[in-house]
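**Q** Before anything else, here's the structure in question.
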Amino acid sequence: MYLGEEDIDTVSKIDELVNNYLKFILAPQFEHINVNNQKMNNSIIKVALATLLLLCLLDMPYGFYQFVRFTAMVGFAYLAYSANEQSEKNELFIYIALALLFQPFFKIALGRTVWNIVDVIVSIGLVISVIKDSKIRLKG
């Protein structure tokens, strides 16, 4: 079946009407849900990263520390992306710096004691961030 120009114009108009309907009627309702889901996902990632970093204080096999470095890099990269999506520039730069600090490819040799201090400070910062986000979510 061949579509003429009139048919293509009709299909384009219907497509435009459906897109406008979805954009202006449904999108605001789902946008609220998506923002809350993204913030919840961010909170879960932050708690998981804080837990992993605190587990690094224990005497673990070397493979665990490599796993934590890779997981932290991916987690902080995702948090940086999420902060960029929410136009949170300060958080964006913090998460990029943390992703670079924990990346496993070009290791930064700080010594076990210094790494333990860094792990505790970053864990505390992540927990504070989760608490702050939950208070904002409860108010809004």
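**Q** Is there a pair in LYS107/LYS135; LYS89/LYS132; LYS39/LYS89 whose C-alpha atoms are over 27 Å apart, and which pairs would that be? Could the numbers behind the result be given before it?
**A** On the way: LYS107/LYS135 36 Å; LYS89/LYS132 17 Å; LYS39/LYS89 16 Å.
Checking Cα-Cα distances, LYS107/LYS135 exceed 27 Å.
**Q** Could you work out the relative contact order of the range 75-114? I mean the mean sequence separation of Cα pairs under 8 Å and 6+ apart, divided by the number of residues, in percent. Each step should come with its number before you reach the end.
**A** Working: 22 pairs, mean separation 14.8, N = 40.
In percent, rounded to a whole number, it is 37.
Coordinate-derived values only; no laboratory data. The model shown is predicted, which means the values in this text are computed figures rather than measured ones.
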